[in-house]
Structure formats: C-alpha cells, structure tokens
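Heads up, the thing below is written out as structure tokens.
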Amino acid sequence: MRLSRDEAERLADKLWYRNVDETVIAVVQDHETREVLMVAYMNREAFVKTLTTGLMHYWSLSRKRIWMKGETSGNIQEVVDAYIDCDGDAALFLVRQKGVACHEGYKSCFHSRIACSGERGD
C-alpha cells in the first residue's frame, strides 16, 4: 500500500497527535493471522513516510528520531492496509512482516503471557 504525498498529508491532518512528543499510537498486526505484532508511536512525519513508502516508520521516544522498522535488522514491515480510529489518536496497520517483529527475536512483542490466578471466566 502506497499513497501519494498529498493523500498521506491529508490523512495526517486528520490525526490528533496528543501523546508523548506529539504522537499517535500505532498498532501493528499481521495481515493474514491478525496477530498483534507490536505497538509503537508515530509522529506526523513517520505517519506520512509510512503511507508514501509502504514501509512502517515510527517515532523513537528514547532516541527522539524517526526510524524505519528493519533499518538495521532487515525485519521490515510492508503495509498492506491501514485504519484510523474514531478519535483520530491511533492507527492500525496490517503488515506483511519480514522476519520477526520483536527486537528480542520473537515473532511478536506480545510473547509474555500474564498468568492470572483465580480467573473468574467473565
């Protein structure tokens, strides 16, 4: 999925950059399995770069810069589809993951299950 710069800018204008460093939350899922691979932050520029290149870009809160997923590891994420939530403060991306998503070497960043004792079954 790749959009023109004009269309990407128009969509970026609809977002509410209300989180840390004027960012929105990006939820990333595998386009086939719908497994959640990771959650990160995107500023306006990262959002536009993602939509115009077709590759996931994020805002690093610690390094204070944009980074492309896989720029050093080769584990890139190709955008297949994208959605904006009803509040405009989060985006959902369906991606084709090349390699693993987690920097610790796991397929998904959500690999640590919380063991709940006394589950009620609600």
Residue in the stretch 94-105 that is at pLDDT 95 or above and in contact with a helix residue (DSSP H, G or I) (Cβ under 8 Å, 6 or more places away or on another chain) present: no
Residue within the stretch 56-70 that is without any contact (Cβ under 8 Å) to a residue 24 or more places away in the chain and hydroxyl-bearing (Ser, Thr, Tyr) present: yes
Qualifying residues in the stretch 44-85 (those that are under 11 Å from the mean Cα position of the chain (by Cα) and in a loop (DSSP other than H, G, I, E, B)) - the one farthest from Val95 (Cα to Cα): Lys69
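Just checking, how many residues over the stretch 45-79 are of a type in the set (A, V, I, L, M), in contact with a Lys or Arg (Cβ under 6 Å, 6 or more places away or on another chain) and over 21 Å from Asp13 (Cα atoms)?
Keep residues of the stretch 45-79 that are of a type in the set (A, V, I, L, M), which gives 46, 48, 51, 55-56, 61, 66, 68, 76, 79.
Now drop any that are not in contact with a Lys or Arg (Cβ under 6 Å, 6 or more places away or on another chain), which leaves 56, 76.
Now drop any that are not over 21 Å from Asp13 (Cα atoms), which leaves 76.
Count: 1.
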Subset tally (residues that are surrounded by 21 or more Cβ atoms within 10 Å (Cβ to Cβ) and of a type in the set (Ser, Thr, Tyr)) for the stretch 38-62: 2
Within the stretch 1-30, tally of residues that are part of a strand (DSSP E or B) and within 15 Å of Trp59 (Cα to Cα): 7
Val39 vs. criteria farther than 19 Å from Val24 by Cα and not charged (D, E, K, R): no
Unique match (being surrounded by fewer than 17 Cβ atoms within 10 Å (Cβ to Cβ) and touching a helix residue (DSSP H, G or I) at 6+ places or on another chain (Cβ under 7 Å)) among Arg2, Arg65, Arg34, Arg18: Arg2
Near pairs, Cβ below 9 angstrom, 6+ apart or cross-chain, from the stretch 2-30 (on the phi > 0 side of the Ramachandran plot) to any residue that is modelled with pLDDT of 95 or more and not in a helix (DSSP H, G or I): Asp21/Tyr41; Asp21/Asn43; Asp21/Trp59; Asp21/Leu61; Asp21/Lys64; Glu22/Asn43; Glu22/Trp59
Search result, residues across the stretch 11-32 that are within 18 Å of Cys86 (Cβ to Cβ) and charged (D, E, K, R): Asp13, Lys14, Arg18
Filtered residues of the stretch 71-103 (kept if closer than 16 Å to Glu35 by Cβ and surrounded by fewer than 12 Cβ atoms within 10 Å (Cβ to Cβ)): Asp81
The stretch 106-122, residues that are among the hydroxyl-bearing types (Ser, Thr, Tyr), modelled with pLDDT under 95 and either within 14 Å of Val27 (Cβ to Cβ) or surrounded by fewer than 10 Cβ atoms within 10 Å (Cβ to Cβ) (or both): Ser112, Ser117
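The values are calculated or read from the model by the stated rules, or taken from the named source; none is laboratory data. Owing to the predicted nature of the structure, the values given are computational and were not obtained by experimental measurement. Please note: Cβ atoms are built from the backbone with ideal geometry, for glycine as well, and neighbour counts cover all protein chains shown.
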